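Contents: one structure, followed by commentary.
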Amino acid sequence: MSESNSPASASEQVAPTRMSSVRSDVISGFLVFLIALPLCLAIARASGFPPIAGIWTAVIGGIICTLLGNSELTIKGPAAGMIVIVLGAVTDLGGQFGQGLSDTEKLMLGYKLALGVGVVAAGVQILFGLFRVGKWVDFFPLTPVHGMLAAIGLIIIAKQSYEVIGVSATKGAEPLELLRDFPHALTQMNPGIALIGVISLIILFTFPYIRGNKLKAVPAQFIVLVVALCMGLFMDLDHWHKYRLPFQFPGATANTEFELGPRFLVDIPHVLKDASKAFAFPDFRGITTQTGIKYIILFSLVGSLESLLSARAIELLDPWKRKTNYNRELLAVGFANLLASLIGGLPMIAEIVRSKANVDSGGRTRNANLFHGLFLLAFVLLVPGLIHKIPLAALGAMLVYTGFRLANPNEFVRVFKVGSEQFVVFVVTIVATLATDLLIGVGIGIATKLAFHLWNGVPIQNVFRADVQGVAQDEQHMLLIVNHAAVFSNWLGLSQVIQENFKHYDSVMLDLSRTRLVDHTVMEKLHQAIDEAKRAGKELKVVGLESHRSLSSHPLSAKKGHGTQIVSGNS
């Protein structure tokens, strides 16, 4: 593997201070706010929480994480990747503790029980930060994680497509059932609502292809909001009324009357007039049950993993290449989640789409996250009536688009190009997640990847243990010889050896010639490690892969070698 190109010149400049970047951060925070407002509302509602819960999450994330964290460009808030988990907690706990209650009462009870789960999970995240387990994000292989996100995207599409056309999905239906029944649901759609939803989808899907920098300076989500608000006002969705079409849809009942009214709009309280309706408090009865423990694990693990992966991805986009303290990030997100769950908010993460928008909008420091939260707070306090006029179909369209981006067909193609074995792991993770749940699905994906490693000759004793032999070349240079295997499950040990040697040597050469397998995850992490070492004024060279066989033509595909048997040294 060759070294990457030299970092951008901006990385060699002095990083901006928070005081000198106020103007840039205010502008970026405002533009991110335009994206965040509808997404916060949509994600909260899709998660079984009141829409305002998503606003509180972003506000708290903007304030608390700016004060406690050090990830300069990430935006904290509710994320589509957590929808399936949070909704599962609401429905499962509500059903378990709400026997005999109406569906509405079960949903409200499940919401409060999920808040209790959120409080405990936030405590777990704080412990993660205190015990410095941020590095464990590197244990999770990339392909099953991408498979999990793609499965979440498909689930979001399956559920929110019904919202787009104004039809209620079958309660309790599984994602595959929802996808199967959607063609029939089209015969029952509400044409007026579907018109709003479909136009919103057209804007979202075509916006990336529009030329013109001035238009693209406005987020597509904001354009959708404006168009949908105008259509809602034209259809008078604030008041109940019925209408008929002059023609009949195929499969629809003759002379069908369609309803329009407030139930197709966002339901949000006026905080300054009646604050009691804007907040909710946790119910802790479910935290010791098997269901509660399962969701505590999912909230804390998936939320932490997504946050750290997002922070790492945005680091690579930072013009000044500033390094994030992942343990400090876990502490910040944990404390923010604790406060959010105590007042009725959703779990939060460092959200990748809004963070990328922050980078593109010229955000310079973590004050942009603060300003985006303050803009949201001002909007929900001062103009709740305007938020109420947002059609739900437009929010559903935004989530369908988000789901499509998570399960983008290009991601399937990319994974296949990396290697056929990666594609199998990717698809197995998706199918297992759709058929079971996230925790089991990711576990099956990881187990499948481990099975491939054993098939490719990785010794059982080296699945989780890196066998590394160090040979000092001189006072400046160290040679590290890796024996047997370098795979995702022993990368933590290998990475630790590399970092320890960087404390004493300016240059480390990693010799992989004696490995039987170097998997895709390690290839990608080595590529990142070379860049990180260069930014730190060090040098990491990777050699010995010339005789290995690539499992695909992709430069970061897994490499299979003969694994010459040698006597191990100290690691």
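Quick notes
- Sparsely packed chymotrypsin sites (Phe, Trp or Tyr not before Pro) within segment 70-158, loop by DSSP, other Cβ within 10 Å at most 12: F131
- Nearest 10 degrees, 0 to 90: helix 520-535 Cα axis against the chain principal axis: 80
- Annotation note: trypsin sites (Lys or Arg not before Pro) in segment 83-161 located in DSSP loop regions with a Cβ neighbour count of at most 16 within 10 Å are R132.
- Cβ-based net charge around K294, under 10 Å, with every Lys or Arg adding one and every Asp or Glu removing one: -2
- Cut-off 15 Å between beta-carbons: net charge of the residues surrounding L245, Lys and Arg +1, Asp and Glu -1: 0
- Estimated vicinal HN-Hα couplings, Hz - segment 188-202 in sequence order (Karplus 6.51, -1.76, 1.60; Gly, Pro = x): 10, 5, 8, x, x, 5, 4, 4, 4, x, 5, 4, 4, 5, 4
- Cα-based shape type of segment 106-163, given that a ≥ b ≥ c are square roots of the gyration tensor eigenvalues and the cut on a/c is 1.5: oblate
- Anisotropy class of segment 411-455 from Cα gyration tensor, a/c 1.5 cut: oblate
- Acute angle (nearest 10 degrees) that the helix 367-382 long axis makes with the longest principal axis of the chain, alpha-carbon atoms: 10
- Anisotropy class of segment 293-415 from Cα gyration tensor, a/c 1.5 cut: rounded
- For the listed peptides 68-78, 435-445, a ranking on the average number of other beta carbons within 10 Å per residue, highest first, reads 68-78, 435-445.
- Normalised by the number of residues in the chain, the average gap of Cα pairs under 8 Å and 6 or more apart makes the relative contact order 25 percent.
- Relative to the longest principal axis of the Cα atoms of the chain, the long axis of helix 220-234 makes an angle of roughly 10 degrees.
- Packing-based order for 45-53, 200-208, using average beta carbon neighbours within 10 Å, highest first: 45-53, 200-208
- Charged side chains reduced to their Cβ positions (Lys and Arg at +1, Asp and Glu at -1) give the chain a dipole of some 460 debye around its Cα centre.
- Loop-resident GluC sites (Glu not before Pro) (DSSP state other than H, G, I, E or B) in segment 511-559 with no more than 10 further Cβ atoms inside 10 Å of their Cβ: E546.
- Cβ crowding within 10 Å, taken as a proxy for footprinting-reagent exposure, orders S553, S420 from fewest neighbours to most as S553, S420.
- Convex hull per residue volume in Å³, alpha carbons only, for segment 460-560: 85
- Segment 426-478 - Rg over Rh from alpha carbon coordinates, Kirkwood radius: 1.30
- Karplus-derived HN-Hα couplings along segment 117-134 (A = 6.51, B = -1.76, C = 1.60, θ = phi - 60°), whole Hz, x at Gly and Pro: 4, x, 4, 5, 4, 5, x, 5, 4, 4, 5, 3, x, 5, 8, 6, 9, x
- Amide H within-cut-off set for M509, under 5 Å, with H built and near neighbours excluded: M478, L479, L480, K541
- Relative intensity, log₁₀ I(q)/I(0), of the chain from a Debye sum that treats every alpha carbon as a point, q = 0.05, 0.11 Å⁻¹: -0.23, -1.05
- In the chain, the calculated helix contribution to ellipticity at 222 nm averages -18500 deg cm²/dmol per residue, counting -39,500 (n - 2.57) for every DSSP H run with n ≥ 4.
- Electrostatic tally near F452: other residues with Cβ closer than 14 Å to its Cβ, Lys and Arg +1, Asp and Glu -1, net +2.
- Built amide H within the under 5 Å cut-off of H484, gap 5+: T515, R516
- For the chain, the share of DSSP beta bridges that are antiparallel, to the nearest 5, is 55%.
- For segment 51-59, the Karplus equation 6.51 cos²θ - 1.76 cosθ + 1.60, evaluated at θ = phi - 60°, returns couplings of x, 5, 4, x, 5, 4, 4, 5, 5 Hz by residue, with Gly and Pro reported as x.
We did not get these values from a lab; they are worked out from the coordinates using the rules stated. This one's a predicted model, so the numbers in the text were calculated from it and none came from an experiment. Quick reminder, even Gly has a Cβ in these numbers, built from the backbone with ideal geometry, and neighbours come from all protein chains shown.
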